[in-house]
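Notes to accompany the following structure.
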Amino acid sequence: MKKRLNTILILSVLGICCAQAQRQLTMLVGTYTDGDSQGIYSYRFNQETGEAMILDSLALRNPSFLTISHDGTLVYAVSETNDEKASLNTIRLSRSNGSMRLLNTVPTEGADPCYVATNGKYVLTANYSGGSMSIFKLSQQDTKAELTTRFLGATGGPDQSRQDTPHVHCSYFTPDGKYAMATDFSADRILSYQLTERGVIGNGVAAHVSEDSGPRHLVFSRDGRHAYLMSELSGNVTVFGYHEGKLEKLQEIVSDSVGARGGADIHLSPDGKFLYSSNRLKADGIAIFAVDQQTGLLTHIGYQPTGAHPRQFNITPNGQFLLCCCRDSDCIQVFRRDMKTGMLTDTHQDIRVSKAVCVQFK
């Protein structure tokens, strides 16, 4: 009997510890450093209460976008500069205490890298002013990224003030693991690349979008059947069907209804039932859409005002909170999500960070 009680007690303690671990996330914040920020900040974020506690910081110039490796031990962060110091940084992350240590820095050979993605074998950076996507091959330990290839974007869009030179804004791996895609902002198209044993090779145009769109950020449904594009200039969200590296346009719906030409980020809720897209420059906020689970098509159901310049946002893995980086308000707003309706409520638990522009969880 005593042995049985001890076993029950041990299982209970393990259950409590597991629940606590699931509530606590490691959260990383990227910033622009032309204000008071020093670089990247790590936090412990409670995805049940919305509370955040700062853990560590790492001095780095303009780490405007970052991503975390699958096992949570490495961070790949860009240094978004318009000179030869534009680079990809590899950082060691301790999830136990949030400490960070810079391992190495490699030039992107493309100015203003603003997006980074990894599949554990390659790292991609989208270089906005460089008009290119850089391909880095990782070492076996994932700690050394070697630049192997650059693919160039093009022009062709009608906006001579915004599309006069090539811009690549997002680089993304497809869920099937076979392809990568890049948003060719100035040519109003999405480019496709095949992942092969020989490396990453061009696969042509995945899709053309409406002219004067300025395609910016891309996200895929978890089942890989659909992709959703946020366009900066048109302020529209485009829904695509996906198959073998190509995209078929299914719907185009307004996110920015005031013509601000500042569409920014886009994310699906973890259950795939709702889609959110951020809009800047006028009527700053997040558009909310319901997703038809069969067709992938969207219905606009709401709009949540935010602080100034909501450049990027993210949703906690349990779906309970949406955190929005409001660059010009120097904060990250914490919104609670109603998982039945998709609506957002400001918790007024703002995380004060100078020029916050990227938030990621692990």
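The values are calculated or read from the model by the stated rules, or taken from the named source; none is laboratory data. All figures in this text were calculated on a predicted structure; none of them were measured in a lab. Keep in mind that these areas ignore ligands, DNA and RNA; they rest on the heavy atoms of the full protein, side chains included. Shrake-Rupley method; radii C 1.70, N 1.55, O 1.52, S 1.80 Å.
One chain, two ends: residue 105 and residue 299. Fully extended at 0.36 nm per residue, the span grows by 65.5 nm beyond their Cα-Cα distance. Of all the options 196, 306, 238, the one that moves most in a Gaussian network model of the chain with Cα springs shorter than 10 angstrom is 196. Computed log10 I(q)/I(0) for the stretch 91-232 at 0.17 Å⁻¹: -0.92, from the Debye equation with unit scatterers placed on every C-alpha and solvent omitted. Relative to one another, the C-alpha centroids of the stretch 195-260 and the stretch 79-98 are positioned 27 Å apart. For the chain, the per residue solvent-accessible surface stands at 42 Å², with DNA, RNA and ligands left out and a 1.4 Å probe. Apolar share of the accessible surface for the stretch 149-308: 49 percent from carbon plus sulfur atoms, 1.4 Å probe. Taking only the alpha carbons of the stretch 108-158, we obtain Rg and Dmax values of 11.9, 45 Å in that order.
Note on the stretch 82-132: the C-alpha convex hull projects to 4.0 nm² when averaged across all orientations. Per the Debye formula on identical point scatterers at the alpha carbon atoms of the chain, with no solvent, log10 I(q)/I(0) at q = 0.11, 0.14 Å⁻¹ is -0.71, -1.18.
Taking one quarter of the surface of the convex hull spanned by the alpha-carbon atoms of the stretch 203-362 gives a direction-averaged projected area of 9.3 nm².
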